[in-house]
Structures are given as structure tokens and as C-alpha cells.
Amino acid sequence: SSFFTSLLARRALLASSFSVLLTTPGIPVKERVKVSRNWRHGRCRRETVLKWKCNLMPWIELDGEYLYLSQAENIQAYRLCPDGTGLQHHPQAIFSGHQEDVCRFVLVNSHIVSGGGDGNIVLHKIHGSYSVKFSAHEQEVNCVDFQGGLIVSGSRDRTAKVWSLSTGRVGQCLHTVQTEDRVWSIAISPLLSSFVTGTACCGHTSPLRIWDLESGQLLTCLGTDFHRGAGVLDVFYETPSLLLSCGYDTYIRYWDIRTSTRKCVQEWEEPHDSALYCIRSDKNHMIASGSSYYGVVRLWDKRQTRCLQSFHLSSPTSSPVYCLRFSTTHLYAALASALHVLDFTAP
């Protein structure tokens, strides 16, 4: 009887998994149900939509009509095909300005903010010729975020900085935070009152720290007893108090700052002991993660301990999943030499 109880419980979880898909407007109900089932059961059409010759560390963003992809020192905008068959193979726009590779970029309110290996930050307005470039760090800018007229950046030079974009103060550094470690990831809280840094966990024992956005002062450290080298490669705010993190120690961690800053409320371990390069959630029950070997993308349900589905996108050769993003119907994953898409509208 315990077996059947467990089976029924799992089916109930699966039936309600990814329920956000079922409430998405603009898609017929029958199609929504089919797509939701496809996500749950891992049924999709896989396609390599772009390839390039040299190995890169690309980053991607989605805005509904376009996919933005960094390739070396440029960011290219590709129009998504309206019939859901992928994306057009020639970029509609190219955003340049860096002398070395783009490390990370964000897309916010029709603006692209990028950090590069040249230590510079570049701001582009998507619909127009306006752009600003300024020297930000002594070494490469590994991560950036942009909200509320402020940019935060993190660098190999072991600092995080807050920058103004207000009129007359564009590119002015408001605060410099000494992190004692390379900063791999950074994100501004939705309340625009603080930001979190994910560092390498080599020079400082706390890889996750939250800083006041107005003063630059340390507010709190998340977690305790991290092993040396347990660097945090990606962070994602779901709400002002709920935060996801992942990194070199192979764990996804879910933090509720209201409950505790010492211990996460949930954690999931990558089953093949691979570092986790990137993470995203639908802000409901679904989490998608990208691993460091063989292009493995995993789908997780927060209410379960094991991953629901996994997809190997670069076998037999190995590549990290450097970045992933998903819409209601598609998941895009950027690997070292190709962009892959999983289409959950078919079969």
C-alpha cells in the first residue's frame, strides 16, 4: 500500500507541476495542457539552431520577440520565428563596444548592460543609437545587473561596484565593495534596496553576501560552513525574500531571508557531481539548471528531491551549459559552440 501511496503522491505532484503553464494567456487551453504535460514528461523536439567555430562562453537573454546572444565581443539580436520553429539565422541587430569578450549582460527596460573582459561596462538602448561605455574595473567584469537607474558589477579584481545612470552622473561610481574574492554573480533585489554577490569562496568564507544598495555596507551573509572553492556562479531573485543560488559545490540552494540567513530552506544536489553554471525558475514550482559537463540541462520540481527530467545536449563531446532561459513553450541553452532549443509544443 505504501508503494501505491507513493505513486499516487508522485502523480499528484506531476499533475500540478509547472502549473504556471496552464494559466498563461494567449495560448488555447488544449494546447496549454499538452505543453504542460510535455514539460512534465520531458517530451520535446531538440534542435541546434546556431553553431559557431570557436569555443566561447556565451550568455543569452529573451524578451518575447528576440533572443539576445553574446558571441565574443558582440551581442547579437535574433528574431524568434512566430510559428515557434526556432529563430532566424541572421541577426537583426549587433551591439558592440567591448574590445574583449562579453562576460555577462542583462536586458532590462529596452536597455542592454554588458560587462566585458576589457574591464568596461557598456550600455545600449535597443531601439536607437544611444550607447555609453565606461571603464569599470581593473580586470574583467564577470557579472552585471541593472535596475532602477543603477548598475551593479562584479569583477575578478575582487570588488563589486554600484554605478549611477541618472542624468549628469552616468558612469559615476557610487560605492566600491571589497569582497576579498572574485565576484562570479550578482543581482539586485526586486525592492531595489540591496544586492547579492556570489563569490569564489577562496579568500572569504561566505560566498553569498547581501549589501545595502544605498550605502554599500554589508547587511548579511547567507549560509555557513561552505567548503573552500564553493563559488557561486549564478543567483536569481524570485521575490525580495526568495533567492536561488548554484555553483561549484554542485548544489542548488533556495533561500528565504525571512526565515533564516544561516540555513537555506531547501537544497538539491546535482546527481552526477557536476558544478552548476546557471539556474532559472518560473517563480512557481519549476527550476531549470545547467551543468558543467556534457551540456546537461535538468528540470526540477521544488516539491521533490530528485530532478524530474534531464537532457544531454553535447554528448559525446563535453561542454558546460553557460546560460539557459525559457519561455512557456521553449528552453534555450547556450553551450561552448552552439545554441540549442528544446521545443515543448511537439510532439
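Phi angles of region 300-307 translate, via the Karplus equation with coefficients 6.51, -1.76, 1.60 and θ = phi - 60°, into HN-Hα couplings of 10, 10, 4, 8, 10, 8, 9, 5 Hz per residue; Gly and Pro are given as x.
Segment SER135..VAL170, full-extension length gain: 11.4 nm, with 0.36 nm per residue of separation and the alpha-carbon distance subtracted.
Would you mind telling me which residue in THR305, THR167, THR328 has the biggest mean-square fluctuation in a Gaussian network model of the chain, where springs connect alpha carbons within a distance under 10 angstrom? The residue with the greatest mean-square fluctuation here is THR167. In this simple spin-label model, placing a label point 7 Å from the Cα along the Cα-to-Cβ direction at both SER215 and CYS202 gives a separation of 3.2 nm. Rolling a 1.4 Å probe over the protein heavy atoms of region 62-185, with every protein chain left in place, gives an accessible area that is 42 percent carbon and sulfur. Between SER193 and ARG45, residue separation times 0.36 nm minus the direct Cα-Cα distance comes to 49.1 nm. Think of a 1.4 Å ball rolled over the protein heavy atoms: the chain then has 45 Å² of accessible area per residue. Of the GluC sites (Glu not before Pro) found in region 93-166, those that fall in a DSSP loop while having at most 11 other beta-carbon atoms within 10 Å are GLU138.
Between ASP145, ASP225, ASP301, the Gaussian network model of the chain with springs among Cα atoms under 10 angstrom shows the greatest mean-square fluctuation at ASP225. Decide, for the chain, between rounded, prolate and oblate: order the square roots of the alpha carbon gyration tensor eigenvalues as a ≥ b ≥ c, take rounded if a/c falls under 1.5, and otherwise choose prolate if a/b is larger than b/c, else oblate. Taking the square roots of the gyration eigenvalues as a ≥ b ≥ c, the chain is oblate. Got the relative contact order for the chain handy, in percent, Cα pairs under 8 Å and 6 or more residues apart? Here the relative contact order equals 14 percent. Of the solvent-accessible surface of region 207-253, computed with a 1.4 Å probe over protein heavy atoms with every protein chain present, carbon and sulfur atoms account for 49 percent. Partner lysines whose Cα lies under 17 Å from the Cα of LYS263, excluding those fewer than 8 positions away in the same chain, are identified as LYS302.
The values are calculated or read from the model by the stated rules, or taken from the named source; none is laboratory data. As the structure is a computational prediction, the values presented were derived from the model and not from experiment. With ideal geometry, Cβ positions are generated from the backbone for all residues, glycine too; neighbour counts draw on all protein chains shown. For the accessible areas, the whole protein counts, side chains as well, though only heavy atoms, and no ligand, DNA or RNA atoms are used. Shrake-Rupley method; radii C 1.70, N 1.55, O 1.52, S 1.80 Å.
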